[in-house]
1. Once Lys and Arg get +1 and Asp and Glu get -1 on their Cβ, which of 10, 110, 319 lies farthest toward the positive end of the dipole of the chain?
2. Please list log₁₀ I(q)/I(0) at q = 0.18, 0.20, 0.26 Å⁻¹ for the range 372-420, using the Debye equation with identical point scatterers on the alpha-carbon positions.
3. How much net charge surrounds residue 90 when only other residues with a Cβ under 12 Å from its Cβ are counted (Lys, Arg +1; Asp, Glu -1)?
4. Amide H to amide H, which residues 5 or more places from residue 465 or on other chains are under 5 Å from it, using H placed in the peptide plane?
5. Show which aspartates and glutamates lie in cross-link reach of residue 256 when reach means a straight Cα distance below 15 angstrom and same-chain residues fewer than eight apart are skipped.
6. For the chain, what is the percent of antiparallel DSSP beta bridges, rounded to the nearest 5?
7. When the dipole is taken about the Cα centre of the chain, and only Lys, Arg (+1) and Asp, Glu (-1) are charged at their Cβ, what size is it in debye, to the nearest 20?
8. With the alpha-carbon atoms as the only input, what is the per residue convex hull volume for the range 372-489 in Å³?
Amino acid sequence: MATTEKLSRLLKDIDVVEIIGETDKNITSLQSDSRKAEKDGLFVAVKGVTTDGHKYIPVVASAHVGAIVCERMPASFVKGVTYIRVADSAEALGRLASAWYGHPSSKLKLVGVTGTNGKTTTATLLYEMAKLEGFKAGLLSTVCNYICDQAYPTTHTTPDPLTLNELLSQMVEQGCEYAFMEVSSHAAVQRRIAGLVFAGAIFTNLTRDHLDYHGTVENYMKAKKMFFDMLPADAFALVNADDKAGAYMVQNTKAKVYTYSLRTDADFRGRVLETRLDGTLMMLNGREVEVRFTGRFNAYNLTDVYGASILSGFNPEEVIVNMSRLVPVAGRFQPFLSKKGYAAIVDYAHTPDALVNVLDTIREIVGPDGEIITVVGAGGNRDHGKRPMMAQEAACRSDLLILTSDNPRDEEPEQIIADMKAGLNADELRRTVCITDRREAIREAMRRAKPGNVVLVAGKGHETYQEVRGVRHHFDDREEVSAAISDNE
């Protein structure tokens, strides 16, 4: 990280429309939060989801910052402050952050993963694969960020540009050769990844999600595609050939395109030979391998990990061996076994398609005679349209459905549950129970479970909190499931 940097040097990385003031000056800090703006620092005014940084330009200028980057010039100017107008200040922030931290992504083999489902698993397993291959690596994910083996807490799927480049810079400092990160649709639209140099990109799949933000599936899809549009010619783009959005993602990319598939010919072909609760026998490009993951959706994740590992330069023979050494990500199809003969699965599935994937996998394991109990809710202040869809997909694949709270946030839990119930027909409603308290819902599921049954607790996975009326309380599905099983034995 730079301690001071010439403003003129920083501006070389952005497209400037207009400058008022001197550029031959030292900048001591870079901020987009007006509350953190410092004397002689550079403040970037960004229009966000909830507030517009341009509103705070007069306050920041009066604090004697060195320069301000904005899309709209203020009505008046403070002497000694340099004003730089750009077309897109979010894009400028990303590029400035990269320059401020010495362009760390160009010193790493950075691979990004995007898609609706599978981002966390794919990115995490690539990070683990790199370590098994003997490399130092970093990880930026929904669950946790890692620099080598040191964990750092995470608040967003993809951090803001300053945090992101700071973490990448620390990876470089600690000798990392590789970095793997989730790239959310929000991050692409908000230009959080602007200025980063990617060695590769992976597309997992695309289903309905985040429509509260993007508005339409088309906008959501375009947001994902933006990531591939920015890739350089020497990068690779690995896409799921079995997803109809795969070909769309790479229509305009300069990167070298590769495909993976479970159903058709592809550069990297996976096939499920045998599925069990504790693992799967797979075929990867004609080689048999036993993996510790269950389900067709995980077979897709493992196939893209296999392909991306080879495209990242790892030894193909070692990759096959190390596939069997990879372990599931916390809160992703995580099994808990009861002495009474039933099992519980904790999974992050929080979209209709993700529920389908997990429940179809469980049905394949338990067979037509085994019973499935599903505990699921939906997040508040998010896409209302997917609520009835989630309930319907869960109900038609479960013998008993328990609708409960997820993270209600600022909404009433009972209203969210009512929105979910609206997707159920009369027969499905007869097999549905509504229990608002998530802890009690989990305990009721365990009380009803019989030998041979599987209980799915879906929606929160790795999360260790429940957000109610804007306040986060400690809540971990894995802890609750373990306690409920113990109390029921």
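No value in this document is a laboratory result; all are computed from the given coordinates. Keep in mind that this is a model prediction, so the values were computed, not measured. All Cβ positions, glycine included, derive from the backbone under ideal geometry; neighbour counts span all protein chains shown.
1. Of the options given, the answer is 10.
2. Debye curve over Cα of the range 372-420, log10 I(q)/I(0) at q = 0.18, 0.20, 0.26 Å⁻¹: -0.48, -0.58, -0.91.
3. -1
4. HN-HN under 5 Å from residue 465: 475.
5. Partners within reach: 229, 234, 267.
6. Among the beta bridges of the chain, antiparallel pairing accounts for roughly 40 percent.
7. 480
8. In the range 372-489, the Cα convex hull volume per residue is 90 Å³.
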